[in-house]
Every structure is written in C-alpha cells, then in structure tokens.
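Here is the structure we will look at, set down as structure tokens.
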Amino acid sequence: MQLAEKHIIKSGHRFFEQIDALCFASKNLYNAANYIIRQNYIFGWGYLNYNKMHSYMKTHETYRYLPRKVSQQILMVLDRNWKSFFACVQEYKSHPDKFKASPAMPKYKDKAKGRNLLIYTIQAISKPGLVTGRVKLSGTNIDFPTTVQDFWKSVHKQRCQRLVQHSQKSNPKCICRWDRELRSSAKAGHTQ
C-alpha cells in the first residue's frame, strides 16, 4: 500500500503562480525533447530512448530550469509515451480491426496554453522538512504541511539498518552520520 496525500492548489492560492510557471517550464522541456525524438524518428535515424535523451537534454536550458530529478521524470514520461506508441503500432499491424485509425506519434503540448505535469519524487523533496512534518519542493519556495510525518523516519531507519548489517563484517561501529545530522537539524527546527 502506498500512502497518498492530495493538496489542491486553486488559482487564488499563494503558490499557484509558481506552480503554473513550473508546469509551463515542464511543457517546454517535454516539447523540446519530443521535437528531437520526432525528428530522429521521421528522418529514419531511429528512436532516442530515455538514456540518450537525458544525455542530450541535460545541458539544454529547459532541462536546467527545473530541478534535475523533476526534469528526469518528465523525460521518463515522454519515453513511456513513445514506447506506448510503438506498442500500439505493433498491435495495429497485427490487429487493425481493434483501432479506428492508425496510432499517432506523441503530440506537442500547446505552445501558449499548454502545461505538463510535475513529478516530485522523494529525492526531490527536502528530507529534514519531512521529519518536521513539512513538504518542501526542491528548487522552489513551495512549502506545505503533511500528515505523513513518520514516513521519512521509517525509510531512513530501514536504510541505516541495511548499512549497519552490510558493514558489520568490516566495521562493527558503523554509525549513520546523516541520521545524526537529521536529528540535530530537526531539533533545531531547520528545513532546507
């Protein structure tokens, strides 16, 4: 079971403009990467998978505008869209009666009105903030309370236990330094 928490940000919310700008930047990255993939495919140079696109796009200004982990997630979504397209083409070739028309390549998002999703994984969220019951999205000023307070503590405890079990043969006095720093910053009330 995965815990999920929903926060609805309406147009009057204080974070709306910042989230809207991030979604617009996400759309720009999606379109830029999609353009490169489409051109390669159309001209018969083959498909550029996620790893190749990541190496091409990591110096692109649209990639660097967003936090790296978020940009990676956008490229992964685009990669899944293209893989879905290729699977549909194969299915269309073998069973065209299942489709109304031949599958279309992933399209561009609208240049002016288009927005794209933002995926913030646990790696793109402030860990000390989670310990204190706050979610702070990296690279932004967006910070809001969460009801999932013990999540990061339990994940970190499991990682530390694995580190200690792994290092018992070589260094039986292994101490998780990050855990100490985390506890001291949580006591002081600091968040990143």
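The values are calculated or read from the model by the stated rules, or taken from the named source; none is laboratory data. Note that the structure is predicted; figures quoted are calculated from it, not measured. Ideal geometry is used to build each Cβ from the backbone, glycine not excepted, and the neighbour counts take in all protein chains shown.
Out of GLN72, GLN90, report the one residue that is of a type outside the set (A, V, I, L, M, F, W, C) and closer than 30 Å to GLU17 by Cβ. If you could, list the steps in order and put the result at the bottom.
Working: GLN90 fails: closer than 30 Å to GLU17 by Cβ.
Exactly one residue qualifies, and that residue is GLN72.
So that you can scan it fast, the table gives a plain yes or no per residue for (1) within 15 Å of the chain's Cα centre (by Cα); (2) modelled with pLDDT under 95:
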site	(1), (2)
PRO67	yes, yes
LEU78	yes, no
GLN90	no, no
LYS107	no, no
TYR120	yes, yes
GLN123	yes, yes
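Out of ILE36, ILE122, I need the residue that is of a type in the set (A, V, I, L, M, F, W, C), out of contact with any Ser or Thr (no Cβ under 8 Å at 6 or more places or on another chain) and within 22 Å of THR140 (Cα to Cα). Which one?
Numbers: ILE36 fails: within 22 Å of THR140 (Cα to Cα).
So the residue among ILE36, ILE122 that is of a type in the set (A, V, I, L, M, F, W, C), out of contact with any Ser or Thr (no Cβ under 8 Å at 6 or more places or on another chain) and within 22 Å of THR140 (Cα to Cα) is ILE122.
Take LEU130 and tell me if it is more than 14 Å from SER26 (Cβ to Cβ) and in a helix (DSSP H, G or I).
Details: more than 14 Å from SER26 (Cβ to Cβ): yes; in a helix (DSSP H, G or I): yes.
Yes; evaluated as a whole, the condition is true for this residue.
Answer yes or no: is there a residue in the range 82-92 that is under 20 Å from ILE125 (Cβ atoms) and among the small types (Gly, Ala, Ser).
If we filter the range 82-92 for residues that are under 20 Å from ILE125 (Cβ atoms), which is where we start, we get none.
Scanning the range 82-92 turns up no residue that is under 20 Å from ILE125 (Cβ atoms) and among the small types (Gly, Ala, Ser).
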